[in-house]
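In what follows, a single structure is set out as structure tokens and then discussed.
The values are calculated or read from the model by the stated rules, or taken from the named source; none is laboratory data. Computed from a prediction, not measured in an experiment: that's the story for all the values here. No Cβ is skipped: glycine too gets one built from the backbone with ideal geometry, and neighbour counts run over all protein chains shown.
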Amino acid sequence: MTQPITEKTLQKTVEQVVWDVKATDVHTHLYAPIFGDILLWGFNELVTYHYLIAEAMRWVDIPYDEYWQKTKVEQADLIWQTLFLENTPYSEACRGVLTTLDKLGLDVASRDIKGYREYFNDKQLDEYVDEVFELANLKTVVMTNDPFNSKERHVWLEKLKAGEQELDPRFRAALRLDMLLCSWEKSWHQLKEWGFDVTPELNGQTVGEVQRFLREWIQIMNPVYMAVSLTYDFMLPEKSAQSELIERCVIPVSREMNVPFALMVGVKRQLNPGLKDAGDGVGKMDMASLDYLCSQYPHNKFLVTLLARENQHELAVLARKFRNLMPFGCWWFLNNPSLIEEITSMRLELLGNSVILQHSDARVLDQLIYKWAHSRQLIAEILVRKYQDVMATGWVLTEAEIRQDVEKLMGGNLWSFLERKL
């Protein structure tokens, strides 16, 4: 046994370990550089993130269309003026921009928007990706990859599958199924054009062809998981194309190919359409659907993150009952310090080390810097309290044991879950 941790050395040890461990970011909307301009990065993208758009539009008295007609630079200027100069930028989204600039060595106090832009303009993307991964201390990020997106599809088929180029191994794929599952009235036409013998009716032939489509793209992408983002009123089972596609196509292929199915549930789509991507809201889901999935398909693996705070306790309890369920991260509107602290503490109390504490959901490369800096700070604070509780009983801890815990909680549990035989 290595040297035991004492009350005096606990906080420093935990903080050091949490900052030292290279994390796996299990869900992002990022892309490897090979995908070109759909990888977003730089000052203007950072400041026009949809969280900041929604926040700024609470202050700016202009029609939404007028905002969208502005150039990206003009949009960034407006948000910077509104949220950073006319107001103190302490919302989590604003603070994230400041943390990112600070970690990159820029003078936040100067408020020098011209200087910030020049800094990013001088960056080479490949080198900048290395810098961001180092600052965020990441091993791997999992992308969101949609075979119905023409730009992505071209890269997968013409560059990667053809062997013209290789994918940066730090970027892993996730096969996104939103278009397939949520818009069957459109997606079946596209499948037909691609040579799949499908009809709008989910007969045996169509089901077999959708399964073939999934198998082919699993072979192409080698995804960590298949994923879908679903509305708060998602129900299973029910008489709908979405329900049938999940049960008759996704579930069998997921089990056959040992590719877990990730469900992200709780969105209210386009609550305010004028805000576009910033206009989605949140709703509480009926957990009976997850109960059904986990019990009906005990040999399938499900990764789950839910958007409503009200669903978090029930999700943790459900995970205690079904080992084929892996909760992960604090998604979207929950990615705020007060809620992260509450949800993370509750999960550790109910599930011990058998969760994935966080993911970034980053849409802009630079966001990895602040989202992981903020998360690590919170994770360290929470773990210190939990270890103090354990040590108060007379239990002895070592640094090696703490490191083992943190490696599991910050992504290691994903990889062990993938290999688990159910």
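If I go through the stretch 20-59 residue by residue, how many of them are assigned to a helix (DSSP H, G or I), of a type in the set (A, V, I, L, M) and touching a strand residue (DSSP E or B) at 6+ places or on another chain (Cβ under 9 Å)? Full working, then the answer.
From the stretch 20-59, those assigned to a helix (DSSP H, G or I) are 20, 33-38, 43-47, 50-56; that's our starting set.
Narrowing the set further to residues that are of a type in the set (A, V, I, L, M) leaves 34, 38, 46-47, 52-54, 56.
Within this subset, residues satisfying the condition of being touching a strand residue (DSSP E or B) at 6+ places or on another chain (Cβ under 9 Å) are 34, 46.
The total comes to 2.
Tally time: how many residues in the stretch 156-192 are in a helix (DSSP H, G or I) and under 22 Å from the mean Cα position of the chain (by Cα)? Show your work before the answer.
As a first pass, look at the stretch 156-192 and keep what is in a helix (DSSP H, G or I): 156-160, 178-182, 184-192.
Narrowing the set further to residues that are under 22 Å from the mean Cα position of the chain (by Cα) leaves 156, 178-182.
Number satisfying all stated conditions: 6.
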Please give the helices (runs of 4 or more DSSP H) falling wholly within the stretch 267-382 in which 1 or more residues are among the aromatic types (F, W, Y). 288-296
Filter the stretch 20-70 down to residues that are without any contact (Cβ under 8 Å) to a residue 24 or more places away in the chain and in contact with a Ser or Thr (Cβ under 8 Å, 6 or more places away or on another chain), then give me how many there are. 1
Residue list for the stretch 384-422, restricted to those being over 18 Å from L303 (Cα atoms) and not in a helix (DSSP H, G or I): A392, T393, G394, W395, V396, L397, T398
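Would you say K151 is under 30 Å from W415 (Cα atoms) and surrounded by fewer than 17 Cβ atoms within 10 Å (Cβ to Cβ)?
Working: under 30 Å from W415 (Cα atoms): yes; surrounded by fewer than 17 Cβ atoms within 10 Å (Cβ to Cβ): yes.
The answer is yes for K151.
On the basis of being surrounded by 20 or more Cβ atoms within 10 Å (Cβ to Cβ), of a type in the set (A, V, I, L, M, F, W, C) and part of a helix (DSSP H, G or I), does V210 make the cut? Step through it out loud before you land on a result.
Details: surrounded by 20 or more Cβ atoms within 10 Å (Cβ to Cβ): yes; of a type in the set (A, V, I, L, M, F, W, C): yes; part of a helix (DSSP H, G or I): yes.
So V210 fits the description; yes.
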Across the stretch 169-184, the tally of residues that are more than 22 Å from F234 (Cβ to Cβ) and buried (at least 17 other Cβ atoms within 10 Å of the Cβ) stands at 3
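Return the residue satisfying two criteria in turn: it lies in the stretch 237-266 and is in a loop (DSSP other than H, G, I, E, B) and under 23 Å from the mean Cα position of the chain (by Cα), and of such residues it is surrounded by the most Cβ atoms within 10 Å (Cβ to Cβ). Steps first, answer last, please.
Quick first cut of the stretch 237-266, residues in a loop (DSSP other than H, G, I, E, B) only: 237-240, 258-260.
When the remaining residues are screened for being under 23 Å from the mean Cα position of the chain (by Cα), the result is 258-260.
Numbers: N258: 14, V259: 23, P260: 25.
Within the stretch 237-266, the match that is surrounded by the most Cβ atoms within 10 Å (Cβ to Cβ) is P260.
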Could you pull out every one of the helices (runs of 4 or more DSSP H) wholly within the stretch 61-141 that has 3 or more residues that are under 23 Å from D168 (Cα atoms) and at pLDDT 95 or above? 125-136
